[in-house]
Amino acid sequence: MGRGDAMVDLLSLTRDELQDLVQSWGAPRYRADQIWHWLYRGLAQSPDEMTNLPAALRARLLAETTIGGLEPTHRVDAEDGETSKVLLRLADGATIEAVLMHYGTADVAEGGSERHTVCASSQVGCAIGCAFCATGRQGWTRDLTVGEISGQVLHFERELRRERAHVTNVVFMGMGEPMLNRDAVGRAIRNLNDPKGLGLGARRFTVSTAGIVPGILAMAEEMPSVGLAVSLHAPDDVLRDELVPINRRYPLLALLEACRRHVESTGRRVTMEYTMIMGVNDSDGHARRMADLLRGLLCHVNLIPLNPIEGCGFQPSSVERVRRFRDILRRAGIPVTVRLRRGTDLRAGCGQLRSARGAERNETPYSVPQAEVTALASATLEQEQHAHGVTPDGAHRAVDSVR
Ligand code: SF4
């Protein structure tokens with residue numbers, strides 16, 4: 001097979017499919033487990049790194065496969081050091097964004113609650129067209145493949161390993177509507193969840209939707225352990241039709257009913273995301289309608305002041321307004337948290353870096369030094385195994401599975 005022929009993306013295969021592939025090449029099945037280990041533990045970016053494979057198998061992998069196919073081309077770090085965003089070029093030249101957010105502390109004396117959360121994209125662009133979103137303005141180009149989705153998480157795992165840390169959580173809140181690419185998102189989650197690979201527990205994933213009702217219902221069946229977040233943004237249909245146009249297809253009544261069924265089926269609370277826009281959805285009346293809407297639903301509301309985008313007249317609500325809104329919900333017994341706007345100085349709102357880079361030239365070349373990653377792979381193996389569910393003797397402890 002020449003490089004121009006269709007290459008198999010190893011990250012897009014399940015472990016069973018990888019076993020089938022190597023067996024079809026005449027290699028024993030255990031070779032697939034070795035490759036899987038290199039992909040998700042060794043974080044290999046090339047078959048050349050898979051040193052325990054026979055040379056002939058490595059050569060065939062080199063000739064006929066790729067690994068995710070993501071190339072980081074630009075990176076920005078927020079001044080507070082807590083958020084980083086990368087622009088990733090895909091094999092066809094399209095670009096997507098992925099964000100890494102750091103929370104809490106690694107100090108065990110302080111509870112050791114450090115989290116490193118990847119905000120992953122699921123599509124190139126987005127068809128939903130939310131009124132305040134840079135990605136929505138770009139329109140939809142295509143769905144991401146399984147490997148392009150997993151590759152974002154592995155990219156940051158590679159970066160974090162250099163600091164002897166790990167990705168702890170993944171939220172699908174980047175570019176795209178994950179429920180419209182549910183099959184690939186689900187497969188990526190399963191691959192990343194596999195205890196023989198990265199072993200990221202199912203409860204560490206959250207899928208966020210603008211309100212695709214059939215997707216919410218299917219997710220309760222297919223991935224009951226995975227968290228659900230809903231981008232609510234308005235407490236009534238008239239306003240939500242404007243801010244989140246998919247509401248015209250799945251209005252609030254149907255959306256909230258789907259959320260109730262999701263809670264009944266999974267026993268998990270739903271996160272309600274509410275972007276606060278000055279003078280648009282942030283009045284006391286909006287807060288009271290939110291309280292009425294959500295009363296009795298097992299949920300938690302996140303209030304997020306808007307990340308303003310260029311060319312859009314919307315502005316974030318004032319701190320005082322956010323507090324009043326929060327207090328009204330609290331008094332009504334609705335659990336609520338005000339979330340920080342992450343990385344306003346790095347255009348961390350979804351789609352903003354891609355928009356900005358599209359208008360610029362001379363991108364700063366960017367790459368992760370793989371030699372450092374590989375060197376650290378063995379040094380951190382025990383730590384890694386502990387973090388991802390493997391005891392030092394190689395036995396797997398329980399990693400909560402997707403279902
Ligand atoms: S907010 Fe999410 S669903 Fe809405 S347009 Fe942007 S990417 Fe799409």
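Nothing in this text is a laboratory measurement; each read-out follows from the coordinates by a stated rule. Note that the structure is a prediction, hence the values are computed from the model and not measured. Note that each Cβ is placed from the backbone with ideal geometry, even for glycine, and that neighbours are counted across all protein chains shown.
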Exercise for review: Between S265 and H37, with labels modelled 7 Å along Cα→Cβ, what's the label distance in nm to one decimal, could you check?
Suggested key: 3.8 nm
**Study point:** ³J(HN,Hα) computed for each position of the range 206-213 - Karplus, 6.51 cos²θ - 1.76 cosθ + 1.60, integer Hz, glycine/proline x
**Key:** 9, 9, 10, 10, 6, x, 7, 4
Check your understanding: What are the residues whose amide H is under 5 Å from the amide H of E273, where those residues sit 5 or more places off or on another chain and H is modelled from the backbone?
Key -> V230, S231, L232, N302
Review point. From the phi of every residue in the range 139-150, what ³J(HN,Hα) in whole Hz does the Karplus formula 6.51 cos²θ - 1.76 cosθ + 1.60 yield, where θ is phi - 60° and glycine or proline is x?
Key: x, 8, 10, 6, 7, 7, 7, 4, x, 5, 6, 4
Point to revise | Calculated FRET value between S283 and E222, using beta carbons and R₀ = 45 Å, to 0.05 | key: 0.75
Review point. Residues with amide H under 5 Å of F205's amide H, sequence separation 5 or more or different chain, H placed in the peptide plane at 1.01 Å from N; which?
Key: V170, G227
Revision key, fill the gap. Counting sequence-distant residues (5 or more places) and residues on other chains, those with an amide H built under 5 Å from that of R142 are V124
Revision key, fill the gap. Nearest-0.05 FRET efficiency for A59 and E310 at R0 = 45 Å, using Cβ-Cβ distance, is 0.40
Practice item. Label the range 45-126 by shape, choosing from rounded, prolate and oblate, from the square roots a ≥ b ≥ c of the eigenvalues of the Cα gyration tensor; if a/c is under 1.5 it is rounded, and otherwise prolate applies when a/b is larger than b/c, oblate when it is not. Key: oblate
Study note, to complete from the structure: Low-density loop trypsin sites (Lys or Arg not before Pro), the range 1-57, at most 16 other Cβ within 10 Å, DSSP non-H/G/I/E/B, are R3, R29
Study note, to complete from the structure: If R248, R330, R60 are placed from fewest to most neighbouring beta carbons inside 10 Å, the sequence is R248, R330, R60
Revision key, fill the gap. Expected unfolding gain across L239-A254 under the 0.36 nm per residue rule, minus the alpha-carbon gap, is 3.8 nm
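Could you tell me what a quarter of the Cα convex hull surface of the range 10-151 works out to, in nm² with one decimal place?
Values: hull surface 47.1 nm².
Seen from a random direction, the Cα hull of the range 10-151 projects 11.8 nm² on average.
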**Study point:** Note, ³J(HN,Hα) from phi for the range 158-171, Karplus 6.51, -1.76, 1.60, rounded to Hz, x at Gly and Pro
**Key:** 4, 5, 5, 4, 5, 9, 6, 10, 9, 5, 10, 8, 10, 10
Revision key, fill the gap. Here the alpha-carbon Rg of the range 97-213 over 2.2 N^0.38 Å rounds to 1.11
Check your understanding: Per the Debye formula with a single identical scatterer at each Cα and no solvent contribution, what log10 I(q)/I(0) holds for the range 8-67 at q = 0.18, 0.25, 0.27 Å⁻¹?
Key -> -0.51, -1.09, -1.33
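Please list, by residue number, every one of the GluC sites (Glu not before Pro) in the range 25-125 that is coil in DSSP and has at most 12 other beta-carbon atoms within 10 Å. Show your work: numbers first, answer last.
Numbers: sites: E49, E64, E79, E82, E97, E110, E114; in loops: E79, E82, E114.
Of the GluC sites (Glu not before Pro), the ones in loops of the range 25-125 whose Cβ has at most 12 other Cβ atoms within 10 Å are E79.
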